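All remarks here apply to the structure that follows.
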Amino acid sequence: MTRKLKRAVVLHSGGIDSTVTAAVAKKEGYELYMLHFDYGQRTEIKERSCFAAIGKVFKAKRQEIANVKFLHWIGHSSLTDEHIPVPEGEPKGIPSTYVPFRNGIFLSLAAAWAETIKANTIFIGVMDEDGPGYPDTTEAFIESMEKAINLGRKPESACKIMTPIVHMSKAEVVKLGIEMLVPFGMTWSCYESDDIACGVCQSCIMRKRAFEEAGLKDPIRYRK
């Protein structure tokens, strides 16, 4: 008799954190319904190709791309507005790469999809470590979103939001990914470029440091 897998909606950007999170969901016996968001970001073409490739590796049951380009219209982020330069290095406070309430919007759509496919679990690769610059990545925010989502769902379809890497450092995430044979060469982190990673934006710097601290070689190429 074939064992029926649990269903989970997995938010996936194509980056390290969401890919390791997907690997955890797979290992825990979930059938993956992977969800990617096109919000008009600079590197969407590359992110979309990573999403497609990684979904095949993990044998996702379904992969869907949600068009949320109204975030581009809302603006106020260098990820969606080419008139705002992507900052180099690690800016203090809330950086220009912050997209207002992005994870709240993503989780709301994921919850709606999860309810229709009868999935009671959502996986998202947020980390408390990112909290100072991105307030919608903290455990406290996710817990609040889970309560709000369940207040707005059918009583029999309560949903749990899983954040398996929330208390980990980037280096720990990389080490976990290596242990789980995550194809890091298929992932993308750069905020600026979609061919060769710039190497100087905040995301590239954090990625490079994570691999260095983990004592491992990053399989992607950098300009700097």
**OP:** Output the number of residues of the stretch 144-172 satisfying the condition of being of a type in the set (A, V, I, L, M, F, W, C), surrounded by 16 or more Cβ atoms within 10 Å (Cβ to Cβ) and either on the phi > 0 side of the Ramachandran plot or not in a helix (DSSP H, G or I) (or both).
**Re:** 6
Original post:
Consider V9 against the criteria (1) modelled with pLDDT of 95 or more; (2) over 15 Å from F123 (Cα atoms); (3) β-branched (V, I, T): it satisfies all of them except one. Which criterion is unmet?
Top reply: (2)
**OP:** Test G125 against the criterion of being part of a loop (DSSP other than H, G, I, E, B), touching an Asp or Glu at 6+ places or on another chain (Cβ under 6 Å) and either on the phi < 0 side of the Ramachandran plot or β-branched (V, I, T) (or both), and give yes or no.
**Re:** yes
Original post:
What residue, of L11, L71, L35, is more than 23 Å from V174 (Cβ to Cβ) and touching a strand residue (DSSP E or B) at 6+ places or on another chain (Cβ under 7 Å)?
Top reply: L35
**OP:** Can you tell me which residue within the stretch 173-212, out of those that are outside any helix (DSSP H, G or I) and among the polar types (S, T, N, Q), is farthest from E88 (Cα to Cα)?
**Re:** T187
**OP:** Please verify whether the stretch 177-186 includes one or more residues that are surrounded by 16 or more Cβ atoms within 10 Å (Cβ to Cβ) and more than 24 Å from K56 (Cβ to Cβ).
**Re:** no
Original post:
If you go through the stretch 175-188 one residue at a time, do you hit one that is touching a strand residue (DSSP E or B) at 6+ places or on another chain (Cβ under 9 Å) and at pLDDT 95 or above?
Top reply: yes
Original post:
Given the structure, is K92 without any contact (Cβ under 8 Å) to a residue 40 or more places away in the chain, touching a Pro at 6+ places or on another chain (Cβ under 9 Å) and of a type in the set (K, R)?
Top reply: yes
**OP:** Report whether or not T116 is buried (at least 20 other Cβ atoms within 10 Å of the Cβ) and more than 14 Å from the chain's Cα centre (by Cα).
**Re:** no
Original post:
Inside the stretch 1-104, counting only helices (runs of 4 or more DSSP H) that do not spill past its ends, which hold 2 or more residues that are out of contact with any Asp or Glu (no Cβ under 8 Å at 6 or more places or on another chain) and of a type in the set (K, R)?
Top reply: 16-27
Original post:
When only residues in the stretch 31-80 that are closer than 22 Å to P183 by Cβ and aromatic (F, W, Y) count, which is surrounded by the most Cβ atoms within 10 Å (Cβ to Cβ)?
Top reply: F51
Subject >> Residue match in the stretch 94-111 (condition: surrounded by 15 or more Cβ atoms within 10 Å (Cβ to Cβ), among the aliphatic types (A, V, I, L, M), more than 15 Å from the chain's Cα centre (by Cα) and within 19 Å of A158 (Cα to Cα)) >> reply: yes
Original post:
Quick one: is A140 farther than 21 Å from I16 by Cα, at pLDDT 95 or above, surrounded by 21 or more Cβ atoms within 10 Å (Cβ to Cβ) and out of contact with any helix residue (DSSP H, G or I) (no Cβ under 6 Å at 6 or more places or on another chain)?
Top reply: no
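The values are calculated or read from the model by the stated rules, or taken from the named source; none is laboratory data. What you see is a predicted model, and the numbers here were worked out from it, not measured in a lab. No Cβ is skipped: glycine too gets one built from the backbone with ideal geometry, and neighbour counts run over all protein chains shown.
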